[in-house]
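Chemist: Here you go, one structure.
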Amino acid sequence: MIPGVNGFMYPNEVELQWSVLIVLYPYITGLVAGAFILASLERVFKVEAVRPTYRLALLTALAFLLVAPLPLQLHLGHPERSFEMYLTPHTSSAMAMFGFVYLWYLTVVLLLEIWLEYRAEIVGLAQTTTGIRRLIYRALTLGSYNVSPEARRIDDKVGYAVTVIGIPSAFLLHGYVGFIFGSVKANPWWSSPLMPIVFLFSAMVSGIAAVMVLYVVCSKLRKVPIDMRCLDTIARYLFYTFVIDFTLEMLDLVHRTYEADESFRSLDFMVHTRLWFSQVILQIMLGTLVPLAILAANQLWRFSVGVRKAMYMTAGGLTLIGIFAMRWNVVIGGQLFSKSFLGYTSYKMELVTREGLLSAIALMILPFVIFLVLIKLLPPWQEEKPR
Amino acid sequence: MWFARKEGVVRRLVRDAGHLIRPALVLLAGVAVFLVVRSAIVPKAFGQYGHYRPGALALVRQRPIAYAGQDTCVVCHDDEATARAAGKHAHVACEACHGALAQHADDPAAHVPQLPDVANLCRRCHEKDAAKPPTFPQVVTAEHSGGMACNQCHQPHNPHL
C-alpha cells in the first residue's frame with residue numbers, strides 16, 4: 001500500500017501535481033476582480049457612499065494583480081518558459097489565452113484607470129517633491145502636466161469609459177479562471193459550466209470583503225474615523241453578492257446531488273471524509289453561513305457603531321477564510337479522488353520547499369507589501385476631497 | 001465660419017485631451033518592443049509542420065535509439081518468440097519485460113542483458129486488485145507462491161503451468 005492512498009488510484013493520480021500555490025492563484029485573482037467591481041460601484045453605478053474606498057479598491061486590485069501570476073511561476077520548474085505562451089500562443093490553450101486577458105486587464109484597464117484617477121496628484125507631487133520621488137512622479141506624469149479643469153473633465157469621462165470596459169474585463173479575468181477549471185472535462189469535480197459564474201461571484205465576495213477589512217484596518221492605523229455610511233453600504237453589497245454566490249454554489253450542489261451521475265458516490269464520499277473540515281466546516285458553515293447571518297442581521301436590525309464594526313470585521317475575516325477554503329476545495333479536492341472512482345489520495349503540504357507553506361505565506365504577504373508601497377506613492381485618502 | 005469653429009474644437013481637443021496620447025504611446029512602445037523581441041526569439045521556421053519548432057524533430061532524431069523492437073528480437077530468439085506467440089502473452093512485447101535492448105541487438109556479445117527480476121516483474125500486472133477485471137489472472141502473491149519465484153512453476157513466455 002502507498003501511504004496516504006486508499007482504494008485504487010491510477011499511478012498518475014497518487015501524487016498531487018497542483019499544490020497550495022495553485023490554490024492561491026484563483027484566490028488572489030478573485031481578490032483583484034472583486035476589488036475592481038467594488039471600485040466600479042462608485043464610478044459607474046454612482047453609489048456615492050463607497051467613495052472613500054474607491055482608490056483603496058483600485059490599489060488593492062493592482063497590488064494583488066501584480067502578484068497573481070507569481071504562484072503559477074513558482075509552481076513551474078522552468079518559470080522562464082512561461083513567457084513562451086506570449087511568444088507562440090496556442091489558441092487551444094486556455095492558460096495561454098489567460099495570459100492575454102491578464103495583460104489586457106493590467107495595462108488597458110487597471111493601470112490606465114489609476115493613472116487617470118491620480119493624474120492631478122501625480123503632477124502636483126512631481127512639482128513639489130524632491131530627489132528620487134520627484135523622478136518617479138515625473139516619470140508617472142508621462143510628460144504631461146496639463147491638469148486644467150477641462151483636461152480633468154476629459155480624464156473623468158475617459159476614466160468612466162475605462163471602468164465601463166473594466167467591468168466585463170474583470171468578469172472575464174476571473175470568469176476565465178473558473179473557465180480553466182470548469183473546462184477540464186476529465187475531472188467531474190471541476191467540469192461544470194457553472195464554474196466560471198461561481199468563481200466570478202465568489203471573487204466579488206472575497207474582493208469586497210478584502211477592501212472592507214482593509215478600509216477598517218487602514219482607518220484604525222491612520223487614527224481617522226471610519227465612514228460608517230460607507231462601511232454599511234459595502235457590507236450591504238457584500239451581503240447581496242454573497243447571497244447570489246451562495247445560491248449559485250447550492251444550485252451546483254443540488255444539481256450534482258439530484259443528477260447523481262457516475263462520479264457522485266465517489267465525490268460524496270470525499271466530501272464526507274477528506275474534505276469534511278475544509279468544505280463543510282470551513283467553507284460552508286464558518287466561511288459562508290456565519291458571515292451571511294451576521295450580514296443579514298445588519299439588514300434587519302440596527303446595531304450600535306462599535307458592534308457593527310466588530311460584526312463587519314468578523315464577517316469579512318470569515319468570508320476571506322471561507323473563499324480561500326472554497327479555492328482549496330476546488331483545486332486540492334479535484335485531485336484527491338481517482339478517475340476510477342474507487343480510490344482516494346491525500347495532500348500533505350510541504351513546509352520549506354518551492355511549493356511549500358512558507359512560499360505560500362510569502363506570496364500572500366507580498367501583495368500587502370506592494371500595497372504599502374502603492375499607498376505611500378499614491379495616497380488613496382481623500383476624506384476631505386469629494387469628486 | 002464653420003471651418004473656423006471646427007478648427008477651434010479640434011485645437012481645444014488637442015489641448016485638453018492631448019495627454020491621453022501618452023499612455024497610448026507607452027502601450028504602443030510596449031507592443032513594439034514585444035514584437036521585436038518576439039521576432040528575434042521565435043525560431044524562423046516555427047509552425048512549419050505544426051505548433052512547434054521544426055528543429056526539434058532533428059534533435060529528437062539525434063537521440064540514441066533505446067528499443068530494438070520485437071521484430072528484431074525474434075530474428076535470433078525464435079524459440080521464445082514461438083512459445084510466446086502460442087500463449088496469453090502473445091501481445092506483450094519482448095522489451096516490455098526485458099527492458100530496452102537496442103544496444104544488445106546492435107552488438108549481442110558486448111551487451112548481455114540481465115534476466116528480469118521475476119519476483120517483482122510478474123506482480124506488476126498480476127497482483128490481486130479489486131479494480132482489475134475479474135477475468136484477468138491475478139493472485140495475492142504473498143499467499144499464492146509461498147516465496148517461490150513465479151517461473152519455478154510458470155513458463156513466462158507462455159504462462160501455463
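FYI, it's all coordinate maths here, none of it is from the lab. As the structure is a computational prediction, the values presented were derived from the model and not from experiment. Ideal geometry is used to build each Cβ from the backbone, glycine not excepted, and the neighbour counts take in all protein chains shown.
Chemist: Using θ = phi - 60° and the Karplus relation 6.51 cos²θ - 1.76 cosθ + 1.60, list the HN-Hα couplings for the stretch B:151-158 in order, rounded to whole Hz, with x at every Gly or Pro.
Modeler: In residue order, the calculated couplings are 7, 6, 10, 9, 8, x, 6, 9 Hz.
Chemist: Let me ask you something else. In nm, what is the difference between 0.36 nm times the number of residues separating A:PHE100 and A:TYR145 and their Cα-Cα distance?
Modeler: 13.1 nm
Chemist: Let me ask you something else. Could you give each residue of the stretch A:332-340 its phi-based ³J(HN,Hα) in whole Hz, using Karplus coefficients 6.51, -1.76, 1.60 with θ = phi - 60°, and x for Gly or Pro?
Modeler: 6, x, x, 10, 8, 10, 8, 5, 6
Chemist: Give the Cα extents of the protein assembly as shown along the principal axes, in whole Å, largest first.
Modeler: 102, 61, 46
Chemist: So what's the net charge close to A:LEU231: Lys and Arg +1, Asp and Glu -1, counting the other residues with Cβ under 13 Å from its Cβ?
Modeler: +4
Chemist: Please compute the average number of Cβ atoms from other chains found within 10 Å of each residue's Cβ in peptide B:11-19.
Modeler: Mean shielding by partner chains, rounded to a whole number: 5.
Chemist: Counting Lys and Arg as +1 and Asp and Glu as -1, what is the net charge of the other residues whose Cβ lies under 13 Å from the Cβ of B:ASP16? Mind dumping the intermediate values first?
Modeler: Working: positive: A:ARG119, A:ARG152, A:ARG153, A:LYS157, B:ARG11, B:ARG12, B:ARG15; negative: A:GLU150, A:ASP155, A:ASP156.
With Lys, Arg at +1 and Asp, Glu at -1, the net is +4.
Chemist: Looking at the stretch A:1-77, which trypsin sites (Lys or Arg not before Pro) are DSSP coil and have at most 12 other C-beta atoms within 10 Å of their C-beta?
Modeler: A:LYS46
Chemist: Can I ask one more? Using 7 Å Cα-to-Cβ label points, what is the A:LEU358/B:HIS111 separation (nm, one decimal)?
Modeler: 4.4 nm
Chemist: Efficiency by 1/(1 + (r/R0)^6): what FRET value for B:GLU143 and B:ALA100, r their Cβ-Cβ distance, R0 = 25 Å, to the nearest 0.05? Kindly include the intermediate steps, with their values, before the conclusion.
Modeler: Working: r = 33 Å, r/R0 = 1.33.
After rounding, the FRET efficiency stands at 0.15.
Chemist: In addition: Can you give me the angle between helix A:228-259 and the longest principal axis of chain A, using Cα atoms only, in degrees from 0 to 90, rounded to the nearest 10?
Modeler: 20 degrees
Chemist: Given N residues in the stretch B:70-152, what is its alpha carbon radius of gyration divided by 2.2 N^0.38 Å?
Modeler: With N residues counted in the stretch B:70-152, Rg over 2.2 N^0.38 Å equals 1.28.
Chemist: Ranked by Cβ crowding within 10 angstrom, fewest neighbours first, how are B:HIS154, A:HIS174, A:HIS78 ordered?
Modeler: By the 10 Å Cβ count, ascending: A:HIS78, B:HIS154, A:HIS174.
Chemist: Within 10 Å of each Cβ of B:21-28, how many other protein chain Cβ atoms are there on average? Intermediate values should be presented prior to the final figure.
Modeler: Details: counts 2, 5, 9, 2, 2, 5, 4, 0.
Mean number of neighbouring Cβ atoms from other chains: 4.
Chemist: Can you list the lysines whose alpha carbon is less than 19 Å from that of A:LYS220, not counting same-chain residues fewer than 8 positions off?
Modeler: Reachable lysines: A:LYS309, A:LYS376.
Chemist: Under 5 Å between amide hydrogens, which residues at least 5 positions from A:PHE337 or on another chain qualify, with H placed 1.01 Å from N in the peptide plane?
Modeler: Counting only residues 5 or more places away or on other chains, the set is A:THR345.
Chemist: Compute the FRET efficiency between A:PHE45 and A:ALA260 as 1/(1 + (r/R0)^6), taking r as their Cβ-Cβ distance and R0 = 25 Å, and round to the nearest 0.05.
Modeler: Values: r = 41 Å, r/R0 = 1.62.
Approximately 0.05, to the nearest 0.05.
Chemist: Additional query: I want to make sure I understand the PRE zone here: with the label point 7 angstrom from the Cα of A:SER92 toward its beta carbon, which residues in the stretch B:36-66 have backbone N atoms less than 13 Å away?
Modeler: B:50-52
Chemist: On to the next question. Can you give the relative contact order of chain A as a percent, counting alpha carbon pairs under 8 Å and 6+ residues apart?
Modeler: Once normalised by length, the contact order is 30 percent.
Chemist: Taking other Cβ within 10 Å of each residue's Cβ, how do B:HIS104, B:HIS51 sort, fewest first? Don't jump to the answer; show the numbers that get you there.
Modeler: Values: B:HIS104 20, B:HIS51 12.
Lowest count first: B:HIS51, B:HIS104.
Chemist: Report the dimensions of chain B along its three principal axes from the alpha-carbon atoms, largest first, rounded to Å.
Modeler: Largest to smallest, the principal-axis extents are 109, 43, 25 Å.
Chemist: A follow-up question, please. Out of the trypsin sites (Lys or Arg not before Pro) in the stretch B:1-45, which ones are loop residues according to DSSP with at most 11 other C-beta atoms within 10 Å?
Modeler: Here the sparse-neighbourhood loop sites are B:LYS44.
Chemist: For A:SER183 and B:LEU59, what is the calculated FRET efficiency with R₀ set at 30 Å and r taken between the beta-carbons, to the nearest 0.05?
Modeler: Between A:SER183 and B:LEU59 the formula returns 0.40.
Chemist: What residues from the stretch A:150-189 fall in the zone where the backbone N is under 20 Å from a label point 7 Å along the Cα-to-C-beta line of A:LEU366?
Modeler: A:174, A:177
Chemist: To continue, here is another question. Modelled label-to-label distance, A:VAL224 and B:VAL92, 7 Å Cα→beta-carbon offset: nm?
Modeler: 7.6 nm
Chemist: Say each of A:ALA296 and A:GLU350 gets a label point 7 Å from the Cα, pointing the same way as Cα to Cβ; how far apart are those two points in nm?
Modeler: Distance between the two pseudo-spin positions: 4.4 nm.
Chemist: What list of ³J(HN,Hα) couplings, whole Hz, do you get for the stretch A:67-72 from phi and the Karplus terms 6.51, -1.76, 1.60, once you set θ to phi - 60° and write x for glycine and proline?
Modeler: Taking θ as phi minus 60°, the curve returns 8, 3, x, 4, x, 5 Hz for the stretch A:67-72.
Chemist: What list do you get for A:ILE281, A:ILE114, A:ILE197 if you sort them by fewest beta carbons within 10 Å?
Modeler: On the way: A:ILE281 13, A:ILE114 23, A:ILE197 20.
The fewest-first ordering by Cβ neighbours comes to A:ILE281, A:ILE197, A:ILE114.
Chemist: Here is a further query. Name the lysines eligible as straight-distance cross-link partners of A:LYS339: C-alpha to C-alpha under 17 Å, and not fewer than 8 places from it in the same chain.
Modeler: In chain and number order, the partners are A:LYS185, B:LYS132.
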